Amino acid sequence: GENVEQHPSTLSVQEGDSAVIKCTYSDSASNYFPWYKQELGKRPQLIIDIRSNVGEKKDQRIAVTLNKTAKHFSLHITETQPEDSAVYFCAASILGYKLSFGAGTTVTVRA
Amino acid sequence: GAVVSQHPSRVICKSGTSVKIECRSLDFQATTMFWYRQFPKQSLMLMATSNEGSKATYEQGVEKDKFLINHASLTLSTLTVTSAHPEDSSFYICSAGGGPTNEKLFFGSGTQLSVL
């Protein structure tokens, strides 16, 4: 099955700086890569996703890049704010099938 | 986005009792729902895939007789933890597929189960 690895496990950044989280996947058939943000005790919220026919996608301060050849994808958060503090999960799947999640990255934005 | 409702949000029960968790898609029909389990500070682990009108597909290592899943309609899936024990204490969360090819997962609010 699909194996998704995520790094780093924790990330502390100064407010206003950028944060980058990286993930790799093992199944070359995977073609859908979402990112979720989860606050303590709450449900994961989809923040951005990308399909394998696209190399990069941006939504305001959030961007995701995908390198299919290397089988890795990354989340970039620019101009971080305290409300960006949360656990972020990457995931991979074949469209319409089950998601495999990374282990998560705890992001702390220091004011 | 699509709304997935999950109840109850928190359950405290005695060891040996059974607990039922409901997951509803409120504004769309979900032919497939997924049940996840999440331990503190860990990732979401898929337990089973629930398909409307058919038997659930369980992931390796998940006991189907202990975690009973029913998906009787296009908007409702239930997870019953039978004869719960303290080691079953966890955050259980359902999700339903949406989007053009059902690839986008929308999560319920989760159920924190504590077994005494």
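The values are calculated or read from the model by the stated rules, or taken from the named source; none is laboratory data. None of the values given here were measured: they were computed from a predicted structure. Positions of Cβ are generated from backbone atoms using ideal geometry, with glycine treated the same way; all protein chains shown enter the neighbour counts. These area figures cover heavy atoms from the full protein model, side chains too; ligands, DNA and RNA do not enter into them. Shrake-Rupley method; radii C 1.70, N 1.55, O 1.52, S 1.80 Å.
Calculate one ³J(HN,Hα) per residue across segment B:7-15 by plugging θ = phi - 60° into the Karplus curve 6.51 cos²θ - 1.76 cosθ + 1.60, and present them in order as whole Hz with x for glycine and proline.
9, x, 7, 8, 9, 10, 9, 7, 4
What part of the accessible area of segment A:14-111, given as a whole %, is carbon or sulfur when the probe is 1.4 angstrom?
The nonpolar share, carbon plus sulfur, comes to 48 percent.
For segment B:45-59, take each phi angle, set θ = phi - 60°, evaluate the Karplus expression 6.51 cos²θ - 1.76 cosθ + 1.60, and give the result in whole Hz per residue in order, putting x for glycine and proline.
Along segment B:45-59, the couplings run 10, 5, 9, 6, 10, 9, 10, 4, x, 9, 6, 6, 9, 9, 6 Hz.
Considering amide H positions built from the backbone, and no H for Pro or chain starts, which residues 5 or more places from A:Ile94, or on another chain, come under 5 Å of its amide H?
The answer is A:Asn31.
Distance cut-off 28 Å, Cα to Cα: go down the list B:Lys20/B:Lys41; A:Lys42/B:Lys20; A:Lys37/B:Lys14; A:Lys98/B:Lys64; A:Lys42/B:Lys14 and report the pairs above it.
From the list (B:Lys20/B:Lys41; A:Lys42/B:Lys20; A:Lys37/B:Lys14; A:Lys98/B:Lys64; A:Lys42/B:Lys14), the Cα-Cα distance tops 28 Å for A:Lys37/B:Lys14.
How far apart, in nm, are the 7 Å Cα→Cβ label points at A:Leu95 and B:His7?
In this crude label model, A:Leu95 to B:His7 measures out at 3.6 nm.
Interface B/A, total buried accessible area with a 1.4 Å probe, nearest 100 Å²?
1500 Å²
State, as an integer percentage, the relative contact order of chain A based on alpha-carbon contacts under 8 Å between residues 6 or more apart.
The value is 38 percent.
From the phi angles alone, apply the Karplus equation (6.51, -1.76, 1.60; θ = phi - 60°) to segment A:48-65 and give each ³J(HN,Hα) in whole Hz, x where the residue is Gly or Pro.
Listing the rounded values in order: 6, 9, 9, 9, 6, 8, 10, x, 7, 9, 10, 9, 6, 8, 10, 9, 10, 10 Hz.
Once a ≥ b ≥ c are taken as the square roots of the eigenvalues of the Cα gyration tensor of chain A, is the result rounded (a/c under 1.5), prolate (a/b larger than b/c) or oblate (a/b not larger than b/c)?
Here chain A falls in the prolate category.
Cut-off 10 angstrom, C-alpha nodes, Gaussian network model of chain B. Which of B:Ser18, B:Ser50, B:Ser95 fluctuates the most?
Answer for the Gaussian network model of chain B: B:Ser18.
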